[in-house]
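K.L.:
Below you'll find the structure I mean.
The values are calculated or read from the model by the stated rules, or taken from the named source; none is laboratory data. This structure is a prediction, so every number in the text was calculated from the model and none was measured. A quick note on method: Cβ atoms are made from the backbone with ideal geometry, for glycine too, and the neighbour counts reach across all protein chains shown. Keep in mind that these areas ignore ligands, DNA and RNA; they rest on the heavy atoms of the full protein, side chains included. Shrake-Rupley method; radii C 1.70, N 1.55, O 1.52, S 1.80 Å.
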Amino acid sequence: MNKMASSFLSAASHAVSPSCSLSTTHKGKPMLGGNTLRFHKGPNSFSSSRSRGRISMAVAVNVSRFEGIPMAPPDPILGVSEAFKADNSDVKLNLGVGAYRTEELQPYVLNVVKKAENLMLERGDNKEYLPIEGLAAFNKATAELLLGADNPAIKQQRVATVQGLSGTGSLRLGAALIERYFPGAKVLISAPTWGNHKNIFNDASVPWSEYRYYDPKTVGLDFEGMIEDIKSAPEGSFILLHGCAHNPTGIDPTPEQWEKIADLIEEKNHIPFFDVAYQGFASGSLDEDAASVRLFVARGIEVLVAQSYSKNLGLYAERIGAINVISSSPESAARVKSQLKRIARPMYSNPPVHGARIVADVVGNPVLFNEWKAEMEMMAGRIKNVRQQLYDSITSKDKSGKDWSFILKQIGMFSFTGLNKNQSDNMTNKWHVYMTKDGRISLAGLSLAKCEYLADAIIDSYHNVS
């Protein structure tokens, strides 16, 4: 059999169902020289008939039931890392994903995490299922870390805490609670915000709109616009707020501005929904980074708070976080917790235990807790040093008179550079600096040694690309 005939037969045989076989006309061998191949729809996958030494074959082509599913677009944040890996340049920088790196730009596992894991091994902890609401010791520790151990809301049992799948999963539980028990309520989200916020509320079928936050003219907070939009929102709306280190801008309200935001939310009977992803990691102080949430709770305002331990403990892959609902009474808190558990059960049944034990051990052990605070201060301090060095490098090189002081006014691992999409593309295409297209860079992925190179890239992109 020649190669062409062999290939043709192979293609035909792969198109039929595995139960089908080819009919033959000469000593058990297929004869393809004068054969014709027919495709048709019908109940049989394959049929054949003989006519003057010829075989007529009919092969059904099965179209996938999933044919109508389109290809999803790449994730705008995680896709940055994929593009970075494919770049062979020696000078490339990955400033896209918000994950802490050492000065050598290597991933960092906290020493206190290693000690907590050793404790687990020494105890011989098992891998049994957790309850739906998660590890009790974790839930106690995370609520106390957020609000303060002596907070009246905790003592009065007005806090419903359920362990979630890091910040994303905890936000999703909160969104499902809103959809189920506040039908028609709208969530207001800052413009801009973390790229996944809109996806979370879309998938939970919760309507949302945006409130003004970022002022491109000042590369700062549009506080007046923010207040106007929250004020004009329908009474009883949910207002999504970043507890500290706003992502992606790094711009936070001042303590005085937080007071005014709380005044307005209380006046309009809105419900604040805090996303706290960087407690202790932004300023280096657990208490300072939780001040916004504690302000609202001290006023008696009912709030939802999603927490994550990806950044402050470096537990990115453990998916450990919590959803907290601070209510006005212990009875309503108990009911809320029961419904959060009911939502979680068909979604993922119960949460993972490893990260929960790490948090519980670190927060519950005074020696480990103090070591953790020292490591957080170290990580936050490195990012502050990089931020200062980047500012110094840019201002020493750029003689245009542009004010770059916004870099120092921002907080946390991100800096919102003010670069537009074309300028951000230039950063990647020309300078091999990988970042999100909204102009956000992760300072956690930058070293002091690379600040001058990044400064050159930013100055070139800002001044020479429109």
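K.L.:
Could you list, in sequence order, all residues of the range 290-303 that are open to solvent by 10 Å² or more (accessible area, probe 1.4 Å) and within 17 Å of Ala141 (Cα to Cα)?
P.N.:
Within the range 290-303, Arg294 is the sole residue that qualifies.
K.L.:
I'm told Ile154 meets every condition in (1) in a helix (DSSP H, G or I); (2) touching a helix residue (DSSP H, G or I) at 6+ places or on another chain (Cβ under 7 Å); (3) in contact (Cβ under 8 Å) with a residue 60 or more places away in the chain; (4) not acidic (Asp, Glu) except one. Can you identify the failing condition by its number?
P.N.:
(3)
K.L.:
Could you please let me know if Trp372 is of a type outside the set (Gly, Ala, Ser) and closer than 30 Å to Asn88 by Cβ?
P.N.:
So Trp372 does not fit the description; no.
K.L.:
Right, here's the next one. Mind checking whether some residue in the range 89-99 is loosely packed, with under 14 Cβ neighbours inside 10 Å, free of Cβ contacts under 8 Å to residues at least 12 places away in the same chain, of a type outside the set (Ser, Thr, Tyr) and assigned by the TED database to the domain that holds Met427?
P.N.:
Among the residues of the range 89-99, at least one is loosely packed, with under 14 Cβ neighbours inside 10 Å, free of Cβ contacts under 8 Å to residues at least 12 places away in the same chain, of a type outside the set (Ser, Thr, Tyr) and assigned by the TED database to the domain that holds Met427, which makes the answer yes.
K.L.:
Continuing with the same structure: In the range 84-101, what residues are more than 16 Å from Gly195 (Cβ to Cβ) and within 21 Å of the chain's Cα centre (by Cα)?
P.N.:
So the first thing to find is which residues in the range 84-101 are more than 16 Å from Gly195 (Cβ to Cβ), and the list is 84-94, 100-101.
Across the range 84-101, the qualifying residues are Phe84, Lys85, Leu93, Asn94, Tyr100, Arg101.
K.L.:
Exactly one condition in (1) of a type in the set (A, V, I, L, M, F, W, C); (2) under 18 Å from Pro76 (Cα atoms); (3) buried (at least 20 other Cβ atoms within 10 Å of the Cβ) is not met by Ile189; state its number.
P.N.:
So Ile189 meets the others, but not (2).
K.L.:
Specify the residue that is nearest to Phe369 (Cα to Cα); the eligible residues are those in the range 121-150 that are basic (Lys, Arg) and assigned to a helix (DSSP H, G or I).
P.N.:
Lys140
K.L.:
Go over the candidates Glu210, Glu179 one by one and state the one that is under 28 Å from Ser338 (Cβ atoms), open to solvent by 20 Å² or more (accessible area, probe 1.4 Å) and either touching a His at 6+ places or on another chain (Cβ under 8 Å) or free of Cβ contacts under 8 Å to residues at least 60 places away in the same chain (or both). Steps first, answer last, please.
P.N.:
On the way: Glu210 fails: under 28 Å from Ser338 (Cβ atoms).
Checking each option against the conditions leaves just Glu179.
K.L.:
What number of residues within the range 429-464 satisfy the criterion of being crowded, with 18+ Cβ neighbours inside 10 Å, more than 22 Å from the chain's Cα centre (by Cα) and not small (Gly, Ala, Ser)?
P.N.:
8
K.L.:
Filter the helices (runs of 4 or more DSSP H) completely within the range 378-466 down to those with at least 3 residues that are touching a strand residue (DSSP E or B) at 6+ places or on another chain (Cβ under 8 Å).
P.N.:
Output list reads 406-409, 451-464.
K.L.:
Against the condition under 30 Å from Asp361 (Cβ atoms), small (Gly, Ala, Ser) and surrounded by 13 or more Cβ atoms within 10 Å (Cβ to Cβ), how does Ala83 come out, does it pass?
P.N.:
Working: under 30 Å from Asp361 (Cβ atoms): no; small (Gly, Ala, Ser): yes; surrounded by 13 or more Cβ atoms within 10 Å (Cβ to Cβ): yes.
Criteria not met by Ala83.
K.L.:
Can you pull out every residue in the range 274-297 that is of a type outside the set (D, E, K, R) and either closer than 19 Å to Ala153 by Cα or part of a helix (DSSP H, G or I) (or both)?
P.N.:
Start the filter on the range 274-297 by keeping residues that are of a type outside the set (D, E, K, R), which leaves 274, 276-286, 290-293, 295-297.
Across the range 274-297, the qualifying residues are Phe274, Val276, Leu286, Ala290, Ala291, Ser292, Val293, Leu295, Phe296, Val297.
K.L.:
Can I ask one more? Within the range 299-349, how many residues are free of Cβ contacts under 8 Å to residues at least 40 places away in the same chain and assigned to a loop (DSSP other than H, G, I, E, B)?
P.N.:
Of the residues in that region, 4 qualify.
K.L.:
Identify, from the list Ala374, Ala356, the residue that is of a type in the set (A, V, I, L, M, F, W, C) and buried (at least 21 other Cβ atoms within 10 Å of the Cβ).
P.N.:
Ala356
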